[in-house]
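K.L.:
Once you've had a glance at the structure underneath, I'll fire off some questions.
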Amino acid sequence: MSEKFKVTLDELFTYNVAKTIKDSTLVFHGVSSPIPMVAMYFAKLTHAKDMVYVGGVTSAIDPNPPFFPTTTNDWTMMQGRTAMITIDKLFDMAQKGELHRSFFSGAQVDKFGNQNVTMIGRPDKIKIKLPGGAGGCNLSGDCINYTIWTTRHRAPAKGDKRIYTLVDKCDFVTNVGHVTPFGTREQLRLVGKGPDWLVTELGVFDFDPESKILRLRYLYPDITVDDVLVNTQFKPVIHPEVRIMDMPTKEQVELMRKIDPLNVRKNEFPPKELERQFFI
Amino acid sequence: MGIYTSRNKLITLEAAASIIKDGDKVAIGGGLCLREPIAMLRELARQGKKNLHMCGTAHGFDIDFACGAGIVGAVEETHVSFEQDFGLANNYRRACESGQVKVRENCCNSIIQQFRAAAYGLPFMPIMSAKGSEETLLHPEFKHIICPFTGNDLILVPALIPDVAIVHAQKADIHGNLRIEQPYVADILMIRAAKNIIVTAEEIIPEEEMIKLGPNVPYYEVAHVVHAPWGAHPTSCYPYYAYDREHISHYYKITQEGAEAFKTKYMDKYVFGVKTMDEYIEKIGGSERQKRLASWKNGREAWMELYNYE
């Protein structure tokens, strides 16, 4: 037996995001997206070699960045590219139903997969102004499917309350999930089919086909179903075969470390979470 | 929009800024931390502009700075942050939360289509998305219609015609021909959409040289040209200089201290305390800093080092 190999939370998380990408699809990441950037490149170098990588606002096609920078709009993201497009063309493709996958996040994600990237509070009384959805409000409607990710599922206690990211209802809906404040996707006749995966630092969810509510599918090895329930404001559907997630291979983890030497993927996590490690 | 034929469009930064009036709708070029016209924003702050209505796509340093400088009345950008590097834009946040700045947050394709409508000479463009999102509540001017051809529910977004677009280009000639290097973000579109176009440029090159290079914006689309080397700093303007992470980190820490600290520690030092670009360069670390920011060309290790530097 060889010695056990250490995998850190950020690596396992990014691997989970990469696994939501299928080969021979057109995939785009937006702003503030270090994990999707790394996950897309990782997927292209492993299981999705014919994926079309459209890189953010820079909009280079299939870049081979020397490293991932701490911003998504930089000349590093043009190195080794094939073509360049402009960002308006990406939105045209999405509207035509040609964007297969993108990635969105939010300070709040509700049970139907709507996300809030705009504000805590309401327009007449803003408590916290969040950065804004960039292209998410349009693309969450148009792209065929998308992956939601959040590294802040764990709900810290504040007095006798908890501050949840996975909420029953968002303060404000920026990006649209399956049932929006204005109706279902079918009623609204949106182009895309909506989110199909949510990756958090506690587990991986899909959506219950009937109720369209988030459904727990996979757990990290150090997390239980109860941990997920305690940190989630609504009651998610629990898949009857919920289990511990598959682990990447040593070679896959080494590849991820090699392509992301600045560890930008780690920037998204609270420091405490980065102490979590797993062995394969 | 408009056809500008003057043979010599070169004016000073001060003269260009004085064209912009309080309350103007201003489109800002570049995006996030790349090629934003920061020298012009500093000059607008020195001239004490008020209530500017900023519009564009996903931005960062520029809008946060302008909010901290107190020159903004409304923000229609789709995103304002320092991404995962530093996080929430503190000046922007404070201005939105206090009501000093009206939140008109837009979405990238919606505003691109609004610029397109203006550029195409049309009153509006239809879009398939934004339905279901509460961002539509921030835009009562958007209309819903049932498409007469397909029966689908469409959102119509009206033409957005900025009073002025400010774009920072790598190269310009005095006639107004431009070479903007990719990524263009929305710049080429907003130049066609706005009533008045001010371009600040790293380099002013002879027209013959520009013609050989091949301009990607024709001279007649540009109203004014300003020579502003280092005019995008601390955002990047490749190939001249990378993103100044050290300066942005310093800036960010000051913004965390609050609005008053920002005035005394940042505005007084880097904006009101400098009269010329040379003085600004000295304040940010002089030729040593310039050399370091140009060192991305020396290969992967040097480039990576710039992103490690705090």
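K.L.:
Before anything else, pin down the relative contact order of chain A: Cα pairs under 8 Å, at least 6 apart, normalised by residue count, whole percent.
P.N.:
Contact order relative to length: 21 percent.
K.L.:
Okay, moving on. Take chain B, connect every pair of alpha-carbon atoms lying under 10 Å apart with a spring to form a Gaussian network, then pick out the residue of B:G99, B:G299, B:G23 with the largest mean-square fluctuation.
P.N.:
Top of the fluctuation ranking is B:G299.
K.L.:
What FRET efficiency do you get for A:D227 and B:L137 if R0 is 41 Å and r is their Cβ-Cβ distance, rounded to the nearest 0.05?
P.N.:
Values: r = 36 Å, r/R0 = 0.87.
It comes to 0.70.
K.L.:
Also, I was wondering about something else. Counting only GluC sites (Glu not before Pro) that are in a DSSP loop and have at most 12 other C-beta atoms within 10 Å, tell me the longest site-free stretch of chain A. Provide the component values of the computation, followed by the final result.
P.N.:
Numbers: sites that count: A:E3, A:E210.
Value returned for the longest uninterrupted segment is A:4-209.
K.L.:
Where the only charges are on Cβ atoms (+1 Lys, Arg; -1 Asp, Glu), what is the dipole of the protein assembly as shown about its Cα centre, to the nearest 20 debye?
P.N.:
600
K.L.:
If you put +1 on each Lys and Arg Cβ and -1 on each Asp and Glu Cβ, how big is the dipole of region B:76-128 around its Cα centre, in Debye rounded to 20?
P.N.:
The calculated dipole for region B:76-128 is roughly 200 debye.
K.L.:
Right, here's the next one. PRE reach from B:S287 (point 7 Å along Cα→Cβ): which of region B:233-255 fall under 17 Å by backbone N?
P.N.:
Output list for this probe position: empty.
K.L.:
Towards the positive end of the charge dipole of the protein assembly as shown, with charges on Cβ (+1 Lys, Arg; -1 Asp, Glu), say which of B:S110, B:C96, B:N298 has the farthest Cα.
P.N.:
Going by the Cα projections, it comes out as B:C96.
K.L.:
Running a GNM on chain A with Cα contacts under 10 Å, which residue among A:R217, A:R243, A:R265 ends up with the highest mean-square fluctuation?
P.N.:
With Cα springs under 10 Å in chain A, the top fluctuation among A:R217, A:R243, A:R265 is at A:R243.
K.L.:
Hey, got the dipole for chain A? About the Cα centre, +1 on K and R Cβ, -1 on D and E Cβ, debye to the nearest 20?
P.N.:
Magnitude of the dipole: close to 460 debye.
K.L.:
Ignoring everything except DSSP H segments at least 4 long, calculate the 222 nm mean residue ellipticity for chain A; use -39,500 (n - 2.57) per segment, divide by total residues, nearest 500.
P.N.:
Dividing the helical sum by the residues of chain A leaves -6000 deg cm²/dmol.
K.L.:
Work out how much length B:K297 to B:Q100 would gain on full extension: take 0.36 nm times their residue separation and subtract the Cα-Cα distance, in nm to one decimal.
P.N.:
The span from B:K297 to B:Q100 would gain 66.7 nm if fully extended.
K.L.:
Convert 20 °C to kelvin, take the viscosity as 1.002 mPa s, use the Kirkwood radius over C-alpha pairs of region A:6-266 as Rh, and evaluate the Stokes-Einstein diffusion coefficient in µm²/s, rounded to a whole number.
P.N.:
Numbers: Rh = 18.7 Å.
Rounded, D is 115 µm²/s.
K.L.:
Another one. In terms of modelled amide H atoms, which long-range or inter-chain residues lie less than 5 Å from the amide H of A:Q108?
P.N.:
Excluding prolines and chain starts, which carry no amide H, the hits are A:N116.
K.L.:
Checking the a/c ratio against 1.5 first, then a/b against b/c, what shape does the Cα gyration tensor give for chain B?
P.N.:
oblate
K.L.:
Under a crude label model (7 Å from the Cα following the beta-carbon direction), how far is A:L45 from A:I61 in nanometres?
P.N.:
Between A:L45 and A:I61, the simple spin-label model gives 2.3 nm.
K.L.:
May I ask for the Kirkwood hydrodynamic radius of the protein assembly as shown, worked out over all distinct Cα pairs and given in angstroms to one decimal? Present the calculation step by step, with values, prior to reporting the outcome.
P.N.:
Working: mean 1/r = 0.0410 Å⁻¹.
After inverting the mean inverse Cα-Cα distance, the result is 24.4 Å.
K.L.:
Only Cα pairs within less than 10 Å get springs; with that Gaussian network setup on chain A, which residue of A:G56, A:G192, A:G80 has the largest fluctuation?
P.N.:
Of the options given, A:G80 has the highest mean-square fluctuation.
K.L.:
Same structure, new question: What FRET efficiency comes out for the pair B:K195/A:K193, r = Cβ-Cβ distance, R0 = 41 Å, nearest 0.05?
P.N.:
Between B:K195 and A:K193 the formula returns 0.50.
K.L.:
For region B:165-226 and region A:104-162, what is the centre-to-centre distance using only Cα atoms, to the nearest Å?
P.N.:
Cα centroid to Cα centroid, the span is 38 Å.
K.L.:
List every residue whose amide H lies under 5 Å from the amide H of B:H79, counting only residues 5 or more places away in sequence or on a different chain, with H placed 1.01 Å from N in the peptide plane.
P.N.:
A:A134, B:H59
K.L.:
Summing Lys, Arg as +1 and Asp, Glu as -1, what charge do residues with Cβ under 11 Å from the Cβ of B:R104 carry, B:R104 excluded?
P.N.:
Local charge sum for B:R104: -3.
K.L.:
What's the center-to-center distance, using Cα atoms, between region B:11-45 and region B:257-284 in Å?
P.N.:
Cα centroid to Cα centroid, the span is 17 Å.
K.L.:
Tell me which cysteines of the protein assembly as shown come out unpaired when the rule is another cysteine's Cβ under 4.7 Å.
P.N.:
If one checks each Cβ against the other cysteines of the protein assembly as shown, A:C143, A:C170, B:C33, B:C55, B:C67, B:C96, B:C108, B:C147, B:C237 turn up with nothing under 4.7 Å.
K.L.:
A further question follows. Among residues other than A:G194 whose Cβ falls under 15 Å from its Cβ, what is the net charge (Lys/Arg +1, Asp/Glu -1)?
P.N.:
Net local charge, A:G194 excluded: +1.
K.L.:
Still on this structure: At R0 = 56 Å, how high is the FRET efficiency between B:Q47 and A:K125 if r is their beta carbon distance? Nearest 0.05 is fine.
P.N.:
Working: r = 33 Å, r/R0 = 0.60.
My answer for the efficiency is 0.95.
K.L.:
Amide H of A:G56: which non-local residues (sequence gap of 5 or more, or other chain) have their own amide H closer than 5 Å, using H built in the peptide plane?
P.N.:
A:H29
K.L.:
Further question on the same structure: Would you calculate the separation in nanometres between label points at A:D160 and A:D23, each defined as 7 Å from the Cα along the Cα-to-beta-carbon direction?
P.N.:
A separation of 5.7 nm, rounded to one decimal place.
K.L.:
Okay, moving on. In nm, give the distance between the simple-model label positions of B:E181 and B:A74, each being 7 Å from the Cα along the Cα-to-Cβ direction.
P.N.:
3.6
Each reported figure results from applying straightforward, stated rules to the coordinates on display, with no laboratory input. These figures come from a predicted structure and were not determined experimentally. All Cβ positions, even for glycine, are placed from backbone atoms using ideal geometry, and neighbour counts span all protein chains on display.
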